[in-house]
1. Is there a residue being closer than 30 Å to residue 36 by Cα, surrounded by 14 or more Cβ atoms within 10 Å (Cβ to Cβ) and under 55 Å from the mean Cα position of the chain (by Cα) anywhere in the range 305-314?
2. Got a number for residues in the range 500-513 being surrounded by 14 or more Cβ atoms within 10 Å (Cβ to Cβ) and farther than 11 Å from residue 356 by Cα?
3. Please verify whether the range 420-440 includes one or more residues that are touching a residue at least 24 places away in the same chain (Cβ under 8 Å), under 26 Å from residue 361 (Cβ atoms), surrounded by 14 or more Cβ atoms within 10 Å (Cβ to Cβ) and under 26 Å from the mean Cα position of the chain (by Cα).
4. Among the residues in the range 3-11, are any out of contact with any strand residue (DSSP E or B) (no Cβ under 6 Å at 6 or more places or on another chain) and free of Cβ contacts under 8 Å to residues at least 12 places away in the same chain?
5. Please go through the range 235-274 and pick out each residue that is surrounded by 15 or more Cβ atoms within 10 Å (Cβ to Cβ) and more than 30 Å from residue 23 (Cα to Cα).
6. Of everything in the range 362-385 that's part of a loop (DSSP other than H, G, I, E, B) and free of Cβ contacts under 8 Å to residues at least 60 places away in the same chain, which residue is farthest from the chain's Cα centre (by Cα)?
7. What is the number of the single condition among (1) loosely packed, with under 13 Cβ neighbours inside 10 Å; (2) free of Cβ contacts under 8 Å to residues at least 60 places away in the same chain that residue 586 does not meet?
8. Is it true that residue 356 is crowded, with 17+ Cβ neighbours inside 10 Å and in a loop (DSSP other than H, G, I, E, B)?
């Protein structure tokens, strides 16, 4: 379907890629991995067709389309959410526009002219094309994807500029999914998703009828979706026939094999060189010496890439706090007319390791800011426990860095007693080596800023860590080291994150927030998901089964209740069926009128009537729109009927 042929890209003396050649098949699920700065985003841009000054070529079949979701913030404005999503259906909108133009042209042409006959033929072809493009299902497709990505029905008529950067990225993703390109290029698609939207996207992509190349630092997301892995490291490109976990194991096997080959080769070179040195001046051995010299010249040296340096750090081990670390009592928080929390009670105890999860808009970031003291509230009390030293890392922590300072100055401003040598050692642990410590914050990448913000956090001794999405810009290695450091940490922490693989080994409680409610689950993320699944199954079972009782009175009451339930359900089904019949009658009416108008418009005499022809054309547009809306309502009511009958 698509191939990369000898792709090479250099920046000055640095080789980002060298001679990359590979192919992508129609249903491939490929994870593109590598540390920050290894060139993942650049390679995606090359595949998407954006010129990067590379050597080599990207070749694809003429029918192949490529869709690219970039990491960069996208600013959309001027349209409602629905109108913006609708632009994904360019073919349908273009065909509708051409159909409208053809109607206007027919109204102005002489029905006896050759041009009129040609236009009428085009008009018919455009109608057929709309039907082939499934234009009447466009609205239902748009709503399905927008709902899956977390938008509500009331959001559809909101202007896109009203949405934050994270939600704008979701809009861009929705448009890309609706376009259904042959190859999806997704660069960190999970960064702005909550757990529910992430799980929906994972299932959607699993069923996607096309190829996907995915860059993500979410290990669980990669493992669940991909079956091939492209790895970039220090200018090298390697392929692996498995997901990320397979890649990690296979990479070590390949490295050990390569090290073995290198040792054998070095032994061979050593022995050969010894022979040359020993017999270089013996005439009887001259031919053999010359042969071995030529052999050494032809040897292709086995090179083993130096292991990338890993982050190494530990949180300062804290002094012990009181048993109750923090207590929220009767908290009420609102933003204008939007009430986020009402009478919220929550207690954090010493040693708690809590993950905060929930849909976007449920108040996760607001809660952690209230807990950290960064956010005020209208009512209630926030009680900090005895001897509690609190440290907070927010989502926008990296954005709050002083852009005019360099990395070293940035950590100096929060340092208390550390020397410059100690601070440089700390920065070195976060991959700021040599002159990197003098790089201005303004030129650092998103990942570098996040690492710098974490380094600053280390300089504040604390026994209660509060972290809001700390892994968003960390690569796999950095994330693993942070995970290990938190596992070894002896204090209390609370983390907002949607990264299941990161959270699972280190947390003991899950706090689930939903608009207007809060619930605490004991256990890891795996146990949380298992409990949620069990709850869902139990609720479905409870809807069908009623507890049995031996008493006749209870049995009679149960039978009566069941009969009443059936009557209510039958009434509901009849009501939905009547709605469906009404919509079907409306569709039939619109289709009949559409057919009648098409017959009128096919009559050359109609276009001699001027105003009447224009009125008929306008009515035709209106009928088409009403028919599309009716088809959409039919789909919705059909879903209601299916749901009602399934629990009957």
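The values are calculated or read from the model by the stated rules, or taken from the named source; none is laboratory data. Please read all numbers here as calculations on a predicted model, not as lab measurements. Every residue, glycine among them, receives a Cβ derived from its backbone with ideal geometry; neighbour counts consider all protein chains shown.
1. yes
2. 5
3. Scanning the range 420-440 turns up no residue that is touching a residue at least 24 places away in the same chain (Cβ under 8 Å), under 26 Å from residue 361 (Cβ atoms), surrounded by 14 or more Cβ atoms within 10 Å (Cβ to Cβ) and under 26 Å from the mean Cα position of the chain (by Cα).
4. Checked against the condition, which is being out of contact with any strand residue (DSSP E or B) (no Cβ under 6 Å at 6 or more places or on another chain) and free of Cβ contacts under 8 Å to residues at least 12 places away in the same chain, the range 3-11 yields at least one hit.
5. 272
6. So, considering only residues that are part of a loop (DSSP other than H, G, I, E, B) and free of Cβ contacts under 8 Å to residues at least 60 places away in the same chain, the one farthest from the chain's Cα centre (by Cα) is 378.
7. So residue 586 meets the others, but not (1).
8. The answer is no for residue 356.
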